[in-house]
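Have a look at the structure below before the remarks.
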Amino acid sequence: MRKIRYALLLLALALAVPATVRPAAAQMAEEQAAETWPEADPEDVESIDAVIAALYDVISGPAGEARDWDRFRSLHIPQARLIPTGRNAQTGEFGHRVWSVDDFVEASGAVMEERGFFENEVARTTERFGSIAHAFSTYESRWTPDDLEPFQRGINSIQLMHDGTRWYVMNIFWTPETPELPIPERYLDEGR
């Protein structure tokens, strides 16, 4: 009984802390973003397959072609986070960045549009329980669709939620493959 009370206390604290620690300005900005957030095309968000296909489709395109960043936004909840991880080439230290959807668009959009960027899913392992799902989506990135070899491979860890009407991307957390960190075979097999 004591363990159960302790576990319930920890759960109550965990649920209470984010609401009290969160800066009011950040919460207000996210609420304002939610009011103007673009609506998704129902076909883009009707299934896990559809929303992940739309993610890859919207960021991919040739040099000089603008991406539909409102479509990209519409796939996510306004508070979604995009979190790249990896080793810093200059320092060798492992690190991460935490971006909002708009931070990602600002940081990556111009480079993708200027240089060209094509990313496609080559395998996926999906777990689902009720309204939540997690997909380990193995990707390959190319500058043009004709490149024989990708310049990068890695895994996107995509967390999704179904609200009874549609799927939303909650977060995308990714890391590239390196010689020291090859992608395991189980994430290269088509596990959808």
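The values are calculated or read from the model by the stated rules, or taken from the named source; none is laboratory data. These figures come from a predicted structure and were not determined experimentally. All Cβ positions, glycine included, derive from the backbone under ideal geometry; neighbour counts span all protein chains shown.
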Looking for whichever is small (Gly, Ala, Ser) and under 30 Å from ALA63 (Cβ atoms) here; the options are GLY164, GLY130, GLY116. Which one fits? GLY116
Considering residues of the stretch 168-183 that are assigned to a loop (DSSP other than H, G, I, E, B) and modelled with pLDDT of 95 or more only, the residue surrounded by the most Cβ atoms within 10 Å (Cβ to Cβ): ILE183
So, in the stretch 70-86, how many residues would count as being closer than 22 Å to GLY154 by Cβ and of a type outside the set (Lys, Arg)? 9
Might you let me know whether the stretch 152-172 holds any residue that is over 26 Å from PRO38 (Cα atoms) and more than 14 Å from the chain's Cα centre (by Cα)? yes
Going by the structure shown, is ARG67 more than 16 Å from VAL169 (Cα to Cα), crowded, with 18+ Cβ neighbours inside 10 Å, at pLDDT 95 or above and out of contact with any Lys or Arg (no Cβ under 8 Å at 6 or more places or on another chain)? yes
